[in-house]
Amino acid sequence: MHLVILYPSFPAASYFAPVKMADRPVPVIEKRLMDVKLGELGSWLGGRDFTPNGLISAVRRGHDRYYNKYINVKKGGIGGVAMLLVGYMAMSYLWEYDHIKHDRWRKYH
């Protein structure tokens, strides 16, 4: 309230308005994965759609989010494509690690 004393022309209500909380809490099923607490994880997973159409739509939504965030921007750079390529290289290495491990210990004589 010290602003009202120093500057009487400013109304106190505009600076010190109470913050309203949400009217109702968001259901666990509608939350994003990053917003789910560890205790709510089971009920959140139970609300997911694991049918083939549900999985395809989830992959499509993830692709759309990635594309709109890193590729379809006004001032784009190499970051989004580089992240995709590094992810592909890491995944390929993990898939072929068993074969690479056997080649490493093979003796050539």
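The values are calculated or read from the model by the stated rules, or taken from the named source; none is laboratory data. Everything numeric here is computed off the predicted structure, so don't read it as measured data. Note that each Cβ is placed from the backbone with ideal geometry, even for glycine, and that neighbours are counted across all protein chains shown.
Only residues that are under 13 Å from the mean Cα position of the chain (by Cα) and either basic (Lys, Arg) or modelled with pLDDT under 80 (or both): list them for the stretch 62-77, please.
Arg65, Lys69, listed by residue number.
Considering the stretch 64-92 alone, what residues qualify as being surrounded by 11 or more Cβ atoms within 10 Å (Cβ to Cβ) and under 30 Å from Val28 (Cα atoms)?
Passing the criteria: Asp64, Tyr66, Tyr67, Tyr70.
Does the stretch 25-32 contain at least one residue that is loosely packed, with under 10 Cβ neighbours inside 10 Å and not in a loop (DSSP other than H, G, I, E, B)?
Yes, the stretch 25-32 contains at least one residue that is loosely packed, with under 10 Cβ neighbours inside 10 Å and not in a loop (DSSP other than H, G, I, E, B).
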